[in-house]
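Report on one structure; see the data block that follows.
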Amino acid sequence: MSMSKSSAPGKVILFGEHAVVYGETAVAVAVDRRIHMDIEKRVEVTRINGLEIDPEKQPYIVDAIERVGIKEPLEIKSKSYLPSGAGMGSSAALTVSTLGCLYSLEGTPSYEKIARTAFEIEHSVQGGASPIDTSTSTHGSAVKLTRKKGSNHLWKIKKDEKRWHVHHQDIPKMKLVVGDTGIHAPTGPLVRKVRRFYDKSGFARDIISEIGELAERGCEALEEGDLESVGSLMNDNHRLLTILGVGHPKLDELVNAVSSHCYGAKLSGAGGGGIMIALTDKPRKVAEIIKERDGTPYMLEASTTGLTLE
Ligand code: MEV
């Protein structure tokens, strides 16, 4: 095959970001905003959207080409409907959709292999990561990561002494509104900041395990379709993440501003800026409030479609 197309969704994390890096339970939902990728062989030099590829600017794509082992130059075209560096999983969607195309060109696509390689790439580019973003983007729907294997198991991913069991998670119909603070906060430095805190403080380790327990309860509430409990656990998760040092005053402002119009709200993803999410029955009202406070709202639906290959 000399040409392939793919697309992969972004995600929002409902519970457990950061703590999942240490093997705690976490759950994320794929969303209806995607990255589309189109890759072709038979060109002179590797280009992306018309420009010669630069490993500094495109580390995920360059790493993916190396790992798949394609030596020929490639014409790469990408189109993203996800804000980048905001916490909606744009780097994972980019990596997963790139790998989808590259493995298809080699004739060997497998969702499990793509999820595993995409995680390795995020881990190496960001200097630490869990497989939550990349597995959610690959599988779609919602995904739960745990230390122990449970029902609806998809795959197991290992790194050094750590292992994550990745499961399909059923979720009720939910309306989510994202509020983008517009504050750019790359994931890598935040993951490393939490690592430093975790390594020297028993208090940080306690917070991390408390987040994991809360995520477990969050999954039970999701399975029961109990949105009140899901929302109140989201509020608790937001407070714990702030104590962990990945909050931001603008995130608190947006979370507090929408609180009387939603079941619950929290920062989502790496934090430090980036996005907050609200679970609500009044998405328009919540979006309006976010806008009034200079955030950018996105009304999202969960997407059952993960990686697609053509
Ligand atoms: C980023 O979307 C989620 C983090 O937990 C990092 C990771 O799991 O790779 C902050």
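A few notes on this one:
- Distance histogram for the range 240-309 (every C-alpha pair counted, 10 angstrom bins, percent rounded to whole numbers): 20, 49, 24, 7, 0
- For residue 147 and residue 79, the FRET efficiency from 1/(1 + (r/R0)^6), where r spans their Cβ atoms and R0 equals 25 Å, is about 0.10.
- Global geometry of the range 172-262, whether rounded, prolate or oblate, following the gyration tensor of its Cα atoms and the 1.5 cut on a/c: oblate
- Principal-axis analysis of the Cα atoms of the chain puts helix 187-200 at an angle of about 60° to the longest axis.
- Helix axis angle, 249-258 relative to the chain longest principal axis, alpha carbon, degrees: 70
- Axis of helix 111-126 versus longest Cα principal axis of the chain: the two differ by about 80°, to the nearest ten degrees.
- Rolling a 1.4 Å probe across all protein chains gives residue 163 an accessible area of roughly 110 Å².
- Averaging the Cα positions of each part gives two centres, and for the range 70-122 and the range 170-248 these lie 26 Å apart.
- For the chain, the 222 nm mean residue ellipticity estimated from helices alone, with every DSSP H stretch of n ≥ 4 adding -39500 (n - 2.57) and the total spread over all residues, rounds to -13000 deg cm²/dmol.
- Probing with 1.4 Å while keeping every protein chain in the model, the per residue accessible area of the range 138-237 equals 51 Å².
- Placing unit charges on the Cβ atoms only, positive for Lys and Arg and negative for Asp and Glu, gives the chain a dipole magnitude near 300 debye about its Cα centre.
- Ranking by accessible area, most exposed first, for 136, 304 with a 1.4 Å probe: 304, 136
- Averaged over its residues, the range 1-110 has an accessible area of 38 Å² per residue, based on protein heavy atoms and a 1.4 Å probe.
- To put it simply, the accessible area of the chain at a 1.4 Å probe is 47 percent carbon and sulfur.
- Within the range 59-161: Cβ-based charge dipole about Cα centre, in debye rounded to nearest 20 (Lys, Arg +1; Asp, Glu -1): 480
- Only protein heavy atoms count here; under a 1.4 Å probe, residue 77 has an accessible surface of about 110 Å².
- Inter-site label distance for residue 260 and residue 199 at 7 Å from Cα along Cβ, in nm: 4.6
- Rh by Kirkwood over Cα pairs, then Stokes-Einstein D for the chain at 0.692 mPa s and 37 °C, µm²/s: 170
- Label-point gap, in nm, between residue 252 and residue 47 - each point 7 angstrom along Cα→Cβ: 5.0
The values are calculated or read from the model by the stated rules, or taken from the named source; none is laboratory data. The structure displayed is predicted, hence computed values, not measured ones. Reconstructed Cβ throughout: ideal geometry from the backbone, glycine too, with neighbour counts over all protein chains shown. Note: areas computed on protein heavy atoms with side chains; ligands, DNA, RNA excluded. Shrake-Rupley method; radii C 1.70, N 1.55, O 1.52, S 1.80 Å.
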